[in-house]
1. Here is a list of conditions, (1) away from the ligand (no atom under 16 Å from the Cβ); (2) among the β-branched types (Val, Ile, Thr); (3) touching a Gly at 6+ places or on another chain (Cβ under 7 Å), and residue 79 meets all of them except one; can you say which number that is?
2. Taking residue 235 as meeting all but one of (1) under 17 Å from residue 130 (Cα atoms); (2) outside any loop (DSSP other than H, G, I, E, B); (3) among the charged types (D, E, K, R), write down the number of the exception.
3. Would you confirm whether any residue within segment 170-185 is surrounded by fewer than 21 Cβ atoms within 10 Å (Cβ to Cβ) and more than 15 Å from the ligand (Cβ to nearest atom)?
4. Test of understanding: among 59, 12, which residue is β-branched (Val, Ile, Thr), touching a Leu at 6+ places or on another chain (Cβ under 6 Å) and at negative phi?
5. Only one of 115, 92, 67, 127 is modelled with pLDDT under 95, surrounded by fewer than 19 Cβ atoms within 10 Å (Cβ to Cβ) and more than 18 Å from the chain's Cα centre (by Cα). Can you tell me which?
6. With the requirement that a residue be within 25 Å of residue 195 (Cβ to Cβ) and among the hydroxyl-bearing types (Ser, Thr, Tyr), what does segment 210-262 give you?
7. When you go through 156, 195, 200 one by one, which is the residue that is over 14 Å from the mean Cα position of the chain (by Cα), within 12 Å of residue 138 (Cα to Cα) and away from the ligand (no atom under 13 Å from the Cβ)?
8. Hey, any hits in segment 330-340 for a residue that's crowded, with 16+ Cβ neighbours inside 10 Å, over 22 Å from residue 177 (Cβ atoms) and charged (D, E, K, R)?
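The values are calculated or read from the model by the stated rules, or taken from the named source; none is laboratory data. Source: prediction; values computed, not measured. Cβ placement follows ideal geometry from the backbone for every residue including glycine, while neighbour counts extend to all protein chains displayed.
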Amino acid sequence: MNDLDPALVQRVTDRFRESFPGEAPRLAMAPGRVNLIGEHTDYNDGFVLPMAIARAALVAFRPRNDGVLRAHSIAFDATKEAAIASLAAPGGHDWFAYVAGVLWAFASEGLPVCGLDVVVDGDVPIGAGLSSSAALEMATARALCAATGSPWQPARMAKLGQRAENAYVGMNCGIMDQFASAACEPGNALLLDCRSLETRAVPLPKGVAVVVMDTGARRSLAASAYNERRAACERVVAEIARTKPGIAELRDVSAEDLEAVKTRLDETDAKRASHVIAEIARPAALAAAFGEGDLVKAGRLMKESHVSLRDLYEVSCEELDLITGLARRQPSCYGARMTGAGFGGCGIALVDEGDVAAFCEEVLFGYKATFDLPAALYPCRPMAGAHLLE
Ligand code: GLA
């Protein structure tokens, strides 16, 4: 069911024993994700097509009966604690805030909570656009449900995780990352309607692999640039809604609606909105291309998405443009694009399965000739969402 690195499981279990002697812990995991297409559409009530990857956050946990959260992070070699009753938003931006924020969100919605000893670790690279934070949130939520005997409801948990991140951590993200981490199925990408939260499992076409292309570039200003993009989308909706009823999000806006008000909009805001409106249609189109086995069309959609993110939404960067361009030049590659929020992080490519090793080698070689960054390329299969390891 999962390809979790056994060394990671061992490390977390061992550290728990050292940090919190006593009864053995239980283990909850939640994966990171790549998004195949549908970028910056989730907070516009659009569609996305993510899949969970075999890199995950892992939480070893044991309930406490005094209402205290004691957490140790292996990655940061730090221990922090707080009384759950004293948690209040906003609660900070560090690793502990993702754990505490989930407990806060549970408590503030009246769901059962209990004190916990936890050790957290993972192998989703931090800041690489593979959703290490959503993975930590969903692994914490999975642990908390198990500790309190609450049923695991992936969609509800994803919303709680998003709330923790929006209100407690202060990052205004959409629902995609938490939803993918909570609800993905092995072997399938997940076509998600971010308005209704309806989903459809989308199998990948036979014979192709999804390759993650980590540029090694990390951007520190990503959060403010992200929030600015979101605000631009909201301004366009507000302007259109002045004259057209029934417009709540860019999901409700057509290319013609946008054209009709263009002269009343800031030029940059109009560019942002035109990306979102076209991108909202791409997840269903890519799912259809996969269903028809039309990999040429799939590749074309991926390229269109990348170009739109680069030129209209302006969230790509030189590293992402180079690595996706190098990928497209390989004969074994059908298409490539950036994935996630952008400003660094990862691209993805659709590659003939038999040629993955040569593909990775060629692209890495070309990339390293320009950028001296810790880049890495690896294929990934669609994995299961959050679960207990028992
Ligand atoms: C980040 C956010 C998501 C989504 C993507 C862009 O990963 O957390 O909600 O908006 O960026 O598609």
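1. Condition (3) is where residue 79 drops out.
2. Of everything listed in (1) under 17 Å from residue 130 (Cα atoms); (2) outside any loop (DSSP other than H, G, I, E, B); (3) among the charged types (D, E, K, R), residue 235 misses just condition (1).
3. Looking for residues that are surrounded by fewer than 21 Cβ atoms within 10 Å (Cβ to Cβ) and more than 15 Å from the ligand (Cβ to nearest atom), one finds at least one in segment 170-185, hence yes.
4. Going through 59, 12 in turn, the sole match is 12.
5. Testing whether each residue is modelled with pLDDT under 95, surrounded by fewer than 19 Cβ atoms within 10 Å (Cβ to Cβ) and more than 18 Å from the chain's Cα centre (by Cα) leaves just 92.
6. 226, 243, 254
7. On the way: 195 fails: within 12 Å of residue 138 (Cα to Cα); 200 fails: within 12 Å of residue 138 (Cα to Cα).
Residue meeting the stated conditions: 156.
8. Taking every residue of segment 330-340 in turn, none turns out to be crowded, with 16+ Cβ neighbours inside 10 Å, over 22 Å from residue 177 (Cβ atoms) and charged (D, E, K, R).
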